[in-house]
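K.L.:
Take this structure, written in structure tokens, and hold onto it; I'll ask about it next.
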Amino acid sequence: MAEPRKTVFISCGQYTEEERELGKQVCEIVTNTTPFQGYFAENQTTLKTLSENVLSRLYESVGLIVIMHHRGRIEGRNITRASVWIEQEVAIATLMEQVLRRPLHVALFVQHGIAIEGIRQQIQLNPIEFAHSGEVTARLQEILQTWKEPLYKADEERRRLADSAILLIKTNIGHHRNYTIQVKNSSKFDMEINCICLWSKGQRISEPAFPPANVRWSVPAGVSGLPIQFDAGEEVAYRLWQLAGSPPVIVHSSPGHLPGHFNAEVRVVLRCDVLGLEREFEETRTVQVDFVNRQITGL
């Protein structure tokens, strides 16, 4: 069974027959020239139809075409406004992109003379001015040639891809509170590390570490051996020594054993952002602990 075509939401005035006809024409152009299906909501009169046919449809759409017509002048300000309802739909789309991380294809057409108001004052949408409907349909034919696929993954697809992500982790070196891990991103998409924590024998041996101000722990797709250094908040070698039962420090070395050295297992846990979703990765590896010098080396 073929997957249903994703929709492009058409936000167009419906005050006049000409405006309604333009909305229907745009809907047909989208359906005929893109992999998507145009959706033009007729007037909604109940909260149920508003929720199902406008808000839900807008949230599920991969594109938004906005056509703003004159809706009269505002007394005392000498400006011509557009539809308040359409301005609200633009605000919802902005929320989707900037907060919910669901970027949309967007084309904004503004009838000549309409003032820039509301949230349109804070965002850059590069509006295209028009005087009559023919200009909208002609220009739209050109714009839609670039609308080949969605700019974001659907929730189910994002979750599936995020769950398939592979991130390999190992300890590189540690000294006092400084700790360095190496990561390998074996996935086809970038990741962002938000938090690092170290564990051993079921106990936390570091404070949760977060990226410093103005620093991002980004892990590009396919990267291997990327070092991430952080402040563990505790002396990890000392904590491992405590968990090992505080073994006595041997001053003199013996065959196969260096003074003050022992092996321990460290579990590195990373909280990451993957395609806008939070995933946790962890890996346990053996490290060598030099208690005398408070140093850790990955094996």
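K.L.:
Looking at this structure, is Leu226 hydrophobic (A, V, I, L, M, F, W, C) and closer than 30 Å to Leu100 by Cβ?
P.N.:
Answer is yes for this residue.
K.L.:
Give all pairs with beta carbons closer than 7 Å in which a residue from the range 66-83 that is surrounded by fewer than 12 Cβ atoms within 10 Å (Cβ to Cβ) meets a residue that is at pLDDT below 75; count only pairs at least 6 apart in sequence or on separate chains.
P.N.:
These pairs meet every condition: Gly72/Arg81.
K.L.:
Please name all residue pairs, on different chains or six or more residues apart, with Cβ atoms under 7 Å, provided the first residue is in the range 258-285 and is modelled with pLDDT of 95 or more and the second residue is of a type in the set (Phe, Trp, Tyr) and part of a strand (DSSP E or B).
P.N.:
That search, which allows pairs on different chains as well, returns Arg267/Trp199; Val269/Trp199; Leu270/Phe281; Cys272/Phe281.
K.L.:
Could you give me the residue pairs with C-beta distances under 9 Å whose first residue belongs to the range 206-222 and is without any contact (Cβ under 8 Å) to a residue 12 or more places away in the chain, whose second residue is open to solvent by 70 Å² or more (accessible area, probe 1.4 Å) wherever it lies, and which are 6+ apart or on separate chains?
P.N.:
Between residues of the range 206-222 that are without any contact (Cβ under 8 Å) to a residue 12 or more places away in the chain and residues that are open to solvent by 70 Å² or more (accessible area, probe 1.4 Å), the close pairs are Pro212/Asp231.
K.L.:
Here is a list: Arg139, Arg160. Which entry is under 30 Å from Ala82 (Cβ atoms) and loosely packed, with under 15 Cβ neighbours inside 10 Å?
P.N.:
Arg139
K.L.:
Can you report the number of residues in the range 222-241 which are at pLDDT below 95 and exposed (fewer than 14 other Cβ atoms within 10 Å of the Cβ)?
P.N.:
Of the residues in that region, 3 qualify.
The values are calculated or read from the model by the stated rules, or taken from the named source; none is laboratory data. Everything numeric here is computed off the predicted structure, so don't read it as measured data. Here Cβ is always computed from backbone atoms with ideal geometry, including for glycine, and neighbour counts include all displayed protein chains. For the accessible areas, the whole protein counts, side chains as well, though only heavy atoms, and no ligand, DNA or RNA atoms are used. Shrake-Rupley method; radii C 1.70, N 1.55, O 1.52, S 1.80 Å.
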